[in-house]
1. Using DSSP to call loops (not H, G, I, E or B), can you name the GluC sites (Glu not before Pro) in segment 263-315 whose Cβ has at most 11 other Cβ atoms within 10 angstrom?
2. Show me, for segment 245-262, the HN-Hα J-couplings you get by feeding each phi into the Karplus relation (A = 6.51, B = -1.76, C = 1.60, θ = phi - 60°), rounded to Hz, glycine and proline as x.
3. Just to confirm the filter: which trypsin sites (Lys or Arg not before Pro) across segment 295-325 are DSSP coil and have at most 12 other Cβ within 10 angstrom of their Cβ?
4. Most exposed first by the Cβ proxy, i.e. fewest other Cβ within 10 Å, how do His237, His266 rank?
5. Counting other beta carbons within 10 Å of each residue's own, what order do Ser107, Ser230 fall into, fewest first?
6. Report, in listed order, any pair from Lys85/Lys300; Lys232/Lys280; Lys215/Lys246; Lys245/Lys300; Lys99/Lys163; Lys99/Lys313 with a Cα-Cα distance greater than 23 Å.
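None of the figures in this text is laboratory data; all of them are computed from the coordinates on show. Predicted model, so just to flag it, every value in this text is computed and none were measured. Cβ coordinates were reconstructed from backbone atoms using ideal geometry, including for glycine residues, and neighbour counts include every protein chain displayed.
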Amino acid sequence: MNIKTEDVITCKVCGHIDPLTKKFKCSQCGAKNWGHQLPTKSDNGCLWQILTFIIILAGYLIYDNVKKYGNNHWSQAEIENSFSKNVVLVYHEFVYELKFDDPEEGSLYFIRKDDGGFTQWQKGMHPNAVSGCGFITNADGTCITTHNLTQPWLSDWDMIQLKKEVQIFRGPPFNIRSGGQYQLFTIKFGYYNQGTKINDPVAFNPCRVTGSWDKEIEVMSVQQLNNAASVKTAFQHTYTLPDLKKDDELYLIGYPIQISKSENLHPLITTNKIDSAGPKELHFAVTSLFTLEGAPVFSKQGNLVGLTTIDEKGQVKAMRTNFERVKSD
């Protein structure tokens, strides 16, 4: 009988060649296992072990994900309970600065009046201010909000009115001759956490802008964390936008328009349906009870899919983004 090469084994001790049989020693020198372990004729047993391991691992990962995050259909109560503490009230005090090219002429500061005009601002006067919502993405207090809250700049019409006011300073007694640049001068910028009071100075967390996501969504880093929020879930940004379509349900969390300075801050939540979903924006009906700038929008999968903003026409929309929940140990 012919013996194939793969059916024989060479003894590592004496070099004798034996057929690959069930015996465990060399027929020439008697070395057990021919000086090494007897190989098997089939790897089927090993393959089954690997397959079994993969099935067990996949089952554990599915169980772990369900245990931590539940199913993919979060209720309004689950969204509110899990994420409302991440929602903060952003507050920004500012004036408009005209910084002259000639350093000796210094700068002039202006504020917008209730009637839409402008007047020169000096220390001791109330500055302009805007407020809205932000969303804490991790335990160090990093927050995201909209560009409208971090850079509340003027419309083209407002700039015309401001430049008319500046013309007053071109003649006597000021006689300002040099050109200059208009820019925002921030006096106070940061946020208040849920459960705190606006009139409590210790509750305010001063911030600065350190980056942006998706161009219109700004990242606020805390300069001094005076009041840390006990957030339950951290979020991380991803560039893959979720598949959203008309009539999909969304959850919107925001603060009321009327807020008492002496009462603890508490956000509201509503359920909305998408009217239209574009590549950059989501449109849906909203309630006027909310402070609608910067309010976070959640999908039924429990991910942050947008922040609301108000455009120049006064229309409310959500700028699309995607922040997914970070798994905790």
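1. In loop regions of segment 263-315 (DSSP not H, G, I, E or B), the sparsely surrounded GluC sites (Glu not before Pro) are Glu263, Glu312.
2. 9, 4, 6, 5, 7, 10, 10, 10, 10, x, 9, x, 5, 8, 10, 7, 5, 9
3. Those satisfying the criteria are Lys313.
4. His266, His237
5. Listed from fewest to most nearby Cβ atoms, that is Ser230, Ser107.
6. Where the Cα-Cα span goes over 23 Å, the pairs concerned are Lys232/Lys280; Lys215/Lys246; Lys99/Lys313.
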